[in-house]
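The values are calculated or read from the model by the stated rules, or taken from the named source; none is laboratory data. The structure presented is a predicted model; accordingly, all values stated were derived computationally and were not measured. FYI the Cβ positions are ideal-geometry reconstructions off the backbone, even for glycines, and counts take in every protein chain you see. In case anyone asks, the SASA skips ligands and DNA or RNA and just uses the protein heavy atoms, side chains included. Shrake-Rupley method; radii C 1.70, N 1.55, O 1.52, S 1.80 Å.
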Amino acid sequence: MKTTESALGNSVPRREGAAKLRGDAQFLDDLPRDGAWFAGTVRANVPHARLLGVRPDTRFDWDRVVLVTAADIPGENVVPVVLRDQPSLAEGFIRYHGQPVALVAAPDKETLALALESISVLTSPLEPVFDIDDALAAKTSIFGEDNVFRTVEINKGDANAALQTADVVIEGEHHTGAQEHAYLEPQGMQAEWNGDGITIRGSMQCPYYLVKAVAELLDLPQEKILVIPNLTGGAFGGKDDFPTMLGGHAALLAWKTRKTVRLIYERGEDMRFTSKRHPARIRHRTGFTHDGRLVGMQVEMVLNGGAYGTMSPLVISRAAIHAAGPYQCDNIHISARVVATNHPPSGAFRGFGAPQALFAVDAHLDYCASKLGMDPLELRRKNLIRRNGTLATGQNVGDDASAGEVLERALRESDFITRREAYAEFNREADSRRGADRFLRRGIGLSLFMHGTGLSGYEEVFFHSGVALHGNADGSITALTSQVEVGQGTRTIVAQLAAEGLGVPVEYVLTEQPDTNQHPDSGPMASRTATIIGGLLITAGKRFREDVERRQGSLLPDPLVFRATVAKLVASGERLEVREHYSPPPEMRWDEEKHQGDAYPAYTWSCCVAALEVDTLTGEAVVLDVTAVQDVGKVVNPMFAAGQVQGGVAQGLGWALLENVVWKNGVMQNANLADYSIPTAMDLPPIHAVFLEHPQHRAPHGAKGLGELPMEGPAPAVVNALRSALGIHFRRVPVTPEIILPAWEARNLE
Amino acid sequence: MPTNISDHHVFTPRDVTEALQFMALHRDEGWRPLAGGSEVMAQIYGNRAAATGWINLAQLRDQLAGIHEDGTHEDGIHDDGWVRIGALTTLTELRRSAVLQAICPLIRRAAAVTGGVQRQNRATVGGRIVSASPAGETLPVWLALDAEVELSSRDATRCVAYRQFLQEPRQTAIAPDELLTAIMIPIRDRPRQRLLFRKVASRAAGAIGKMVFTAIAGLDAAGHYRDLRLAFGGMGPRPLRACEAEQLLEGHAPSDALGAQAADQLSAELTPIDDLRSTADYRLRTARNLAGAFIAGHIGEQHS
């Protein structure tokens, strides 16, 4: 008899990998068209205005196409995300340039193009605001009375009093820019009228959002809406809330045409008019004792939410919870606001508010070290959260406290101390060198950070994720979740996790692309697949095995025998199905109002080291290598985990150094992938990923979240490395050569 | 809404003669040559391509691709001392040419940082010259080398100095019935030289440059600059030579003071702008710094 080796910890190949490699994978635009109509969007061409109406040109024969405006919407004209402030199609007001005003479907592309050119949007302009301060001054009204979508305050101890008595108080203001998701596959949805309901296929993360949204929009019962996520070419959060709007648009057109309608954005349209990462301004006032112990932290953070609320109320929560970083301080005040401006709505993006907060706190900490005359490593060692330490929310981390360990490990893995000294020597001797080297400066820096696993606070409770396993006639077991394969490897990981619980080889577990008829709602978002969903799958797998063994009346350790038994039971008409739903660990406490308590069941701790070289003739910074150490609890699939770190570091380096959204009057000017530069393979340094596996006790397999974390380290590490190379503290990402070069030249004039 | 080449008229001549016949017959009808497509396909996709149709040069490679060391002008004005680079030679072929590497390594460096590898496999020398992008990587090198372009029509062939060929931004001296058939590089007796090519861009590949600087400095026996050429891309409405700076520095020995003088002269001579990719301020700082460091003698490679 053979038993099954654990399915966890193996680099099981990606289930849809071969099809993707061969080019056989079918993304939305690859599906047979079968007469589906082409669709396009009529957009506002001003950032802020009263909407007076649309005027179709009477020279065009409008019987050739179908036009939908807000007046056609049978249900409620809303994109239901959090605040319900966003209309599906503009009505009354235009809040951003490019806001959808009407939709057109046509039998062919040429007719569609002609129709879109034959319609004008009539507006009466209002004063726009793009800047955080102008929005806060309520120079023009976009949302409510004060243009604030949500304010989150976190208090621990008495920060004010602590800063008054601190030996040293250091202030700093940091800024982060917008970032484009740049998923490989642009946004796209297809909707089909099937007689009395709608079937939607498309590129998305969260099919259940769409069921609710489309039901409301069309005033149909939810069971009339079937959503089938197609194989999705990348997401990064950009396919989280935005498809709720786009799927609604496709559904409206299908409903009115009684046909199948396909609405796919072209790259430039996608970059100009879909969501971006929230730009942020973050101010710190930080109090220390003379010897560098943190005694008080005040953080005032404002995120630019753009024209509508989308995910902003949740983003600001995660931003606030992470604003003090992985540091122990007894007196903290965090004030975080997300404001409305006339930019396109900001939305979910890998990290979800935490990257902005973590950049500011860790760049500021290096700055503080220089003001205190301390080594930034010593300052971190002195203040990082240790066992039973408490976060800003008061959460006691218990044993889940690897900040110190990831720091020390990263120092060793990157040879930090030796290289820092060697680079300092290299820089001191620069002027005495001949040749191009005399203009080079080298530096090494690091960031220390953590990312809360899963959704914040009570969101996970409301979400009530579910999974199901059912037995098939051939003895295989199908795992049902709504974890959509968006490139992260989720189909494979779901099978591994279910197999682990079932105690069977991973090949016995079937995973399908979900649909909302058969698959329970489970996400995916927020770095949850391997941990929260994984925990449910393992528990469900164990229960499934117990159920089979109970019916059989014996233990079935041999996987072949287990499989045969499942087949036999199913053949005899028995229904083998186990469902499992998430309920938070009973000891977890959370006060949403005060943002106090156990914000997340666990934290992934990480240290990121970046070494770089700056050409002081041009201000260009070339990253030499990155070392990322993280305690993920348990690595489910080493190949995928390393891939997440490498991809996340690449995305983080892009945000840190390259990715500069050029805005003009609320419109992205460089909306193409030549002028908006994400890193290519030639820009990326060697990325060394190291995993620690200290299991968290709130998941049966100990795994913590990984998907978002790796993009959070590079920006503060890069800014700290620049400080080490040039002796200049930069307060903004992306920190482009246009910022670095004048700063270097000004410093040399002093 | 994006369009595709299949939505356009395309004529595919079998040889140069047929292509030139067609161009003569349809001289003013708005047909444009299509070579590797690295510029044109992007224009077509973005609906920015103003053309009646495209003259697809794919079958002319036998005649118009290749690098010939003993190349002579078709009009026979020059009979030796030139390298002839056929207009349909790809940038990858430029990169790999031992002949060009021996004559001037700058050509290879410029080709190697144009777009990405895929684009280098398609993009042609002639296509880059005719599209005349202000930031085109190879163009300042042709300027620095005093290259000439060969223009053919059904009835005549003429050679034009590349410096004269470049006119308004993205405009050249080519006539509607003319096809650019080759670029000619003069081979001269060279003393000791110091060379530099730098493209400053947002990333290592697949980006349009913020600025391009290339320099060829001859040095006489006394170590003084002779026949100094300083060429820039992205520093004005078209690729340009900094002629006044060249004259000012000619005959002087490299030094930090001379580098500073060069930088100041360039501030007066160059007129960069703010655009999506960078700022006038940054472009001028980099031009000053790179040219200053080159003139001072700190950067650049020896070539002889």
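A few comments on the model shown:
- Protection proxy ranking of A:108-120, A:634-646, A:219-231, A:356-368 - average other beta-carbon atoms within 10 Å, highest first: A:356-368, A:634-646, A:219-231, A:108-120
- Residue mean of other protein chain beta carbons inside 10 Å, B:276-289: 5
- Residue among A:Ile225, A:Trp193, A:Cys206 farthest towards the positive dipole end of the stretch A:183-237, charges placed on Cβ: A:Cys206
- Modelled FRET efficiency - R0 22 Å, A:Glu5 with A:Glu693, Cβ distances, 0.05 increments: 0.80
- The Cα trace of the stretch A:135-252 gives Rg and Dmax of 22.0, 73 Å, the first to one decimal, the second as a whole number.
- Length gained when the stretch A:Asp591-A:Gln164 is fully extended (0.36 nm per residue, less Cα-Cα span): 150.9 nm
- Expected-Rg normalisation [2.2 N^0.38 Å, Cα atoms] applied to the stretch A:124-167: 1.82
- Evaluated at q = 0.20, 0.27, 0.28 Å⁻¹: base-10 log I(q)/I(0), Debye formula over Cα of the stretch A:147-206: -1.02, -1.16, -1.18
- Global size of the stretch A:234-328 as Cα Rg and Dmax, reported in angstrom: 20.5, 73
- Taking amide H as placed 1.01 Å from N in the peptide plane, the amide H of B:Arg192 sits under 5 Å from that of B:Leu219, each at least 5 places away or on another chain.
- Antiparallel bridges, percent of DSSP beta bridges restricted to the stretch A:214-369 (to nearest 5): 50 percent
- Exposure check, 1.4 Å probe, all protein chains in place: A:Ile264 carries approximately 60 Å² of accessible surface.
- Size-normalised alpha-carbon gyration radius of the stretch A:21-172, reference 2.2 N^0.38 Å: 1.57
- Counting only whole DSSP H helices of chain A, the ones at least 24 Å long by C-alpha along their axis and with mean Kyte-Doolittle hydropathy no lower than 0.0 are A:354-372.
- For the pair the stretch B:23-64 / the stretch A:244-291, the C-alpha centres are spaced 38 Å from each other.
- Inter-probe distance in nm under a simple model that places probes 7 Å from Cα toward Cβ, at B:His252 and A:Asp108: 6.7 nm
- Integer Hz, Karplus 6.51/-1.76/1.60 couplings in order for the stretch A:503-516, x for Gly and Pro: x, 10, x, 4, 5, 6, 9, 9, 10, 10, 5, x, 9, 7
- Listed pairs A:Lys542/A:Lys568; A:Lys276/B:Lys210; A:Lys664/B:Lys210; A:Lys542/A:Lys594 exceeding 31 Å between Cα atoms: A:Lys542/A:Lys594
- Summed side-chain charge close to A:Thr492 - residues other than A:Thr492 whose Cβ falls under 14 Å, Lys, Arg +1, Asp, Glu -1: -1
- Calculated from the alpha-carbon coordinates, the stretch B:203-297 shows an Rg and a Dmax of 13.5, 45 Å respectively.
- Per-residue 3J(HN,Hα) values for the stretch A:587-594, derived from phi via the Karplus relation 6.51 cos²θ - 1.76 cosθ + 1.60 with θ = phi - 60°, read 7, 6, 10, 8, 10, 5, 4, 9 Hz in sequence order (x marks Gly and Pro).
- If you plug the beta carbon distance of B:Phe11 and A:Asp625 into 1/(1 + (r/R0)^6) with R0 = 30 Å, you get a FRET efficiency near 0.05.
- GNM flexibility winner over chain B from B:Glu93, B:Glu29, B:Glu150 (Cα, springs under 10 Å): B:Glu29
- Antiparallel bridge percentage (DSSP; both residues within the stretch B:1-123; nearest 5): 20 percent
- Extreme residue, positive dipole direction of the stretch A:601-664, given options A:Gly648, A:Thr616, A:Val632 (C-beta unit charges): A:Val632
- Most fluctuating residue given options B:Thr286, B:Thr89, B:Thr124, as computed from a GNM of chain B linking Cα atoms under 10 Å: B:Thr286
- Derived scalar couplings ³J(HN,Hα) [the stretch A:602-610; Karplus, 6.51 cos²θ - 1.76 cosθ + 1.60; whole Hz; x for Gly, Pro]: 7, 10, 8, 9, 8, 10, 10, 10, 10
- The Cα atoms of the stretch A:536-672 cover 77, 43, 33 Å along the three principal axes, with the biggest extent listed first.
- Between the alpha-carbon centres of the stretch A:96-174 and the stretch A:311-371 there is a gap of 17 Å.
- Cα→Cβ-extended label distance, 7 Å offset, between A:Leu749 and A:Glu127, nm: 3.5 nm
- A probe of 1.4 angstrom, applied to the heavy atoms of all protein chains, finds A:Lys20 with accessible area near 60 square angstrom.
- In this structure the amide hydrogen of A:Met297, modeled in the peptide plane, comes within under 5 Å of the amide hydrogens of A:Gly287, A:Asn331, A:Ile332, A:His333, none closer than 5 places in sequence on its chain.
- Taking each residue as 0.36 nm, the span from A:Asn388 to A:Ala473 lengthens on full extension beyond its C-alpha to C-alpha distance by 25.6 nm.
- Taken residue by residue and averaged, Cβ atoms of other chains lying within 10 Å of the Cβ of A:615-623 number 5.
- Rh (Kirkwood; distinct C-alpha pairs) - the stretch B:167-259, Å: 15.8 Å
- Using the Cβ-Cβ distance between A:Arg59 and A:Glu429 with R0 set to 56 Å, the FRET efficiency from 1/(1 + (r/R0)^6) comes to roughly 0.15.
- Long-range Cα-Cα pairs in the stretch B:49-192 (distance over 20 Å), rounded percent: 44 percent
- For q = 0.12, 0.15 Å⁻¹, Debye-computed log10 I/I(0) when each Cα of the stretch A:396-453 counts as one equal scatterer: -0.46, -0.60
- Residue mean of other protein chain beta carbons inside 10 Å, A:728-737: 1
- Computed accessible area, A:Lys139, all protein chains, 1.4 angstrom probe, square angstrom: 140 Å²
- Antiparallel bridge percentage (DSSP; both residues within the protein assembly as shown; nearest 5): 80 percent
- Take A:578-587, B:230-239, B:102-111 and order them by the average number of nearby Cβ atoms within 10 Å per residue, most first; the result is B:230-239, B:102-111, A:578-587.
- For the protein assembly as shown: Kirkwood Rh in Å [reciprocal of mean 1/r, alpha carbons]: 31.6 Å
- Within the accessible surface of the stretch A:52-109, defined with a 1.4 Å probe on protein heavy atoms only, the carbon and sulfur portion equals 47 percent.
- Whole-Å distance, taken between Cα centres, linking the stretch A:647-705 and the stretch B:157-189: 45 Å
- Database remark: amide H of A:Thr393 closer than 5 angstrom to no amide H (H placed geometrically; neighbours at sequence offset of 5 or more, or on other chains; Pro and chain starts carry no H).
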